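Report on one structure; see the data block that follows.
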Amino acid sequence: MISKATLELVSVTKRFGSTIAVDGIDLKIPSGSYCCLLGPSGCGKTSTLRMIAGHESVTSGDILVGANNVTDLPPAGRNTAMMFQSYALFPHLSVLDNVAFALKMRGVEKDERHTEARKLLALVDMQAYEQRLPAQLSGGQQQRVALARALITKPQILLLDEPLSALDPFLRLRMRAELKRLQRELGITFIHVTHGQDEAMALADLVVLMNAGKIEQQGSPRDIFNHPKTEFVAKFIGGHAVIRAGDETLAVRNDRLILNAPSAGVSGDFIAGTITEVEYQGTFIRVSIAGEGGTDLAAELSETDFDQTGYGVGDRVFVTWNAANAHALGAHPFATVSTAGAA
Amino acid sequence: MTKDRNSLIAWLQAGPMMLVFSAFFLLPLVFVTIVSAWDYNEYEMLPALSFRGYTDTFEGCIAQLPDLCTILKTYAKTVKLCFLTWAITLTIGFTIAYFLAFHVRSKTWQIVLSLLCTIPFWTSNVIRMVAWVPLLGRNGLVNQGLIDLGLIKVPLEWLLFSEFSVVLAFVHLFTFFMVVPIFNSMIRIDPKLIEAAYDAGATGFQTLVNIIIPLAKPGIVIGSIFVITIVMGDFVTIGVMGGQQIASAGKIIETRLNALQFPAAAANAVILLGITIVIISALTRLVDIRKEL
């Protein structure tokens, strides 16, 4: 039904005056994939999305959709559609007319465009609300309408600017699942901007982690979580202990840290510290440790493991890790087995 | 119990405004309406129900149909001048407001340029009108300029003391009353909506018609009410710029007042009020219908 196309960015740069928002990024997003542009605010992810959408001019570089160079085309000529952060529904138009808007602009007859709009409202389960005005809808309902409105032009690529940020946590989880389902059913590319790593992890086939206008790392969520290339990635993605060992920086997943009683004796690298907090989290137990060298850690232990040790707040522990679970960060990406000390 | 208290508080809060409104608007209006039905002779009004003010005003009008009698012609002319002024101030006002709201990006410049629009209001109405005379007169700047350029041989007579000069002065005086409310509703339009329309493939003109005009509608209606009510009741501008040669609804009332025929003046005021209300309700109806489409 819908043709598919790869999206490619070739050294795309965006300058606002003297500041560089996006710094020569190269990116290839396969058709039909769910891609999350992830990063802290001001990292250039929204500018990147807006350049793909055609709402921001490109300072230099090219944007390709399939074989077409769309760099200088208007938004409607790119086979993309955008869903705006605050949804930007037209407040004076009914739900039905909001969804049918793009078809009206193309001069499609009223009956035809309303029939088409009703199909999309059915897709997002909003048929019952077609005569309502946006102000009469809840946040989640507005989002569904915004989705339907963006999809009516049958875009190859749907661009979503922080689509879940305006929702409460419960609704966010529900809509997250819904987005993924829609993407799977439609088989088109979704590019989703977010600053929430959990969102990106749950949704994406491809996570593109950005920092200061550059792509810090890209890959599948599992790849990024298990092989963070830089300290920034390890810290942003969370769940990692960043440890300095000699002149190297290591990342170890919090659930791969091993706690040892000082009496047991350890060989190789370790961090000595004092337990400051023990939090029961249901599926695991988080043990916060104030390291003696100034590094604070948060080891995650399974309930069984924790019960075997019987640690409590104030206990002194030596934290160690398996060399295979430690990844050197910074200048040596993917140097997974090198000098990680202890065994 | 608490409900009674709440409604009492609500009444008390609305009270002052209700009092002011009744004392200075409703009450005078009731008096005018009562007086309009009174009888009168050459020098005083007689408190007796007669409707002479109305019958005298339209004396002979029915007999004269289908030709319009003087009074009907005057009202027709007032409505025509009002319509012209409204159409022109709306076009210019909308354009200026659009420029200020969507093309001037910085808040500071928006404020500076809005203040610039108020400069004409630093002098009185009359001075602003009189200032047109040396410009538009038979030997005025405009005529001289056109003659010097060789575009015309004889001075244009219709520049001053004509309907042209009256409408020109109205537009000059009242465009700002359109700019402010329209600008006010335009700056409330989320720029994201315009981006969303662009994303949906709307051209600039389509965005204007489908998004900006409907959303600026409250401002357009308020501005229109300002301009229409002022122009319908005006007699000063029409007097000065029309060289006291053009009759208007306002001038009828003035003339009657000067002749101390208060019931006749009141009758004309009531008629004028009626016409103005009809125009404005037609206008709001028109705009609301457009919204339904």
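The values are calculated or read from the model by the stated rules, or taken from the named source; none is laboratory data. Small disclaimer: the values here were computed from a predicted structure and weren't measured. Positions of Cβ are backbone-derived with ideal geometry, glycine not excepted, and every protein chain shown enters the neighbour counts. With ligands, DNA and RNA removed, areas are computed over all heavy atoms of the protein, side chains included. Shrake-Rupley method; radii C 1.70, N 1.55, O 1.52, S 1.80 Å.
In summary, B:Tyr198 fulfils each of the numbered conditions (1) within 14 Å of another protein chain (Cβ to nearest Cβ); (2) open to solvent by less than 50 Å² (accessible area, probe 1.4 Å) with the single exception of condition (2).
Applying the set (1) within 13 Å of chain B (Cβ to nearest Cβ); (2) over 25 Å from A:Asp205 (Cβ atoms) to A:Thr115 leaves exactly one unmet item: (1). Considering only the stretch B:251-265, state which residues are surrounded by fewer than 22 Cβ atoms within 10 Å (Cβ to Cβ) and small (Gly, Ala, Ser). B:Ala259, the sole residue that qualifies. Scanning the stretch A:146-174 for residues that are assigned to a helix (DSSP H, G or I) and either over 19 Å from the mean Cα position of the chain (by Cα) or surrounded by fewer than 20 Cβ atoms within 10 Å (Cβ to Cβ) (or both) turns up A:Ala146, A:Ala148, A:Arg149, A:Ala150, A:Leu151, A:Pro169, A:Phe170, A:Leu171, A:Arg172, A:Leu173, A:Arg174. Does A:Ala298 satisfy the criteria of being surrounded by fewer than 19 Cβ atoms within 10 Å (Cβ to Cβ) and over 21 Å from A:Gly330 (Cα atoms)? Here the answer is yes, as A:Ala298 does meet what is asked.
You will find that of A:Gly42, A:Gly66, A:Gly77, the residue that is open to solvent by 20 Å² or more (accessible area, probe 1.4 Å), at the interface with chain B (Cβ under 9 Å from one of its Cβ atoms) and not hydrophobic (A, V, I, L, M, F, W, C) is A:Gly77 and no other. Checking each residue in the stretch B:171-190 for being without any contact (Cβ under 8 Å) to a residue 40 or more places away in the chain, open to solvent by 20 Å² or more (accessible area, probe 1.4 Å) and assigned to a helix (DSSP H, G or I) picks out only B:Asn184. Pairing residues of the stretch A:152-173 that are closer than 15 Å to A:Asp198 by Cα with residues that are open to solvent by less than 10 Å² (accessible area, probe 1.4 Å) and among the aromatic types (Phe, Trp, Tyr), at Cβ distances under 8 Å and at least 6 apart in sequence or on separate chains, gives no pairs at all. Condition (residue is farther than 14 Å from B:Val270 by Cα, in contact with a Leu (Cβ under 9 Å, 6 or more places away or on another chain) and either part of a helix (DSSP H, G or I) or open to solvent by 50 Å² or more (accessible area, probe 1.4 Å) (or both)) applied to the stretch B:2-12: is it met by at least one residue? Scanning the stretch B:2-12, I find no residue that is farther than 14 Å from B:Val270 by Cα, in contact with a Leu (Cβ under 9 Å, 6 or more places away or on another chain) and either part of a helix (DSSP H, G or I) or open to solvent by 50 Å² or more (accessible area, probe 1.4 Å) (or both), so the answer is no. Taken as a whole, the structure leaves A:Leu121 outside the set of residues that are in contact (Cβ under 8 Å) with a residue 24 or more places away in the chain, away from chain B (no Cβ under 14 Å), open to solvent by less than 40 Å² (accessible area, probe 1.4 Å) and over 25 Å from B:Asn210 (Cα atoms). Residues of the stretch A:88-107 include at least one that is within 11 Å of chain B (Cβ to nearest Cβ), open to solvent by less than 10 Å² (accessible area, probe 1.4 Å), in a loop (DSSP other than H, G, I, E, B) and at positive phi.
The set of residues in the stretch B:218-237 that are out of contact with any Ser or Thr (no Cβ under 6 Å at 6 or more places or on another chain), part of a helix (DSSP H, G or I) and buried (at least 21 other Cβ atoms within 10 Å of the Cβ) comprises B:Ile220, B:Gly223, B:Ser224, B:Ile228, B:Thr237.
Checked against the criteria, B:Leu81 counts as open to solvent by less than 80 Å² (accessible area, probe 1.4 Å) and in contact (Cβ under 8 Å) with a residue 60 or more places away in the chain.
Quick check on this structure: which one of B:Leu193, B:Leu215 is open to solvent by 30 Å² or more (accessible area, probe 1.4 Å), under 29 Å from A:Ile152 (Cβ atoms), within 7 Å of another protein chain (Cβ to nearest Cβ) and without any contact (Cβ under 8 Å) to a residue 60 or more places away in the chain?
Details: B:Leu193 fails: open to solvent by 30 Å² or more (accessible area, probe 1.4 Å).
B:Leu215 is the lone residue from the list that is open to solvent by 30 Å² or more (accessible area, probe 1.4 Å), under 29 Å from A:Ile152 (Cβ atoms), within 7 Å of another protein chain (Cβ to nearest Cβ) and without any contact (Cβ under 8 Å) to a residue 60 or more places away in the chain.
Of all residues in the stretch A:237-256, one or more are part of a loop (DSSP other than H, G, I, E, B), open to solvent by 50 Å² or more (accessible area, probe 1.4 Å) and modelled with pLDDT under 90.
The requirement of being facing chain A (nearest Cβ under 9 Å) and under 28 Å from A:Met105 (Cβ atoms) is not satisfied by B:Asn184.
Please indicate, with yes or no, whether at least one residue in the stretch B:39-54 is within 27 Å of the chain's Cα centre (by Cα) and either on the phi > 0 side of the Ramachandran plot or open to solvent by 40 Å² or more (accessible area, probe 1.4 Å) (or both).
If we filter the stretch B:39-54 for residues that are within 27 Å of the chain's Cα centre (by Cα), which is where we start, we get B:53-54.
Filter once more, keeping what is either on the phi > 0 side of the Ramachandran plot or open to solvent by 40 Å² or more (accessible area, probe 1.4 Å) (or both): B:54.
Yes, the stretch B:39-54 contains at least one residue that is within 27 Å of the chain's Cα centre (by Cα) and either on the phi > 0 side of the Ramachandran plot or open to solvent by 40 Å² or more (accessible area, probe 1.4 Å) (or both).
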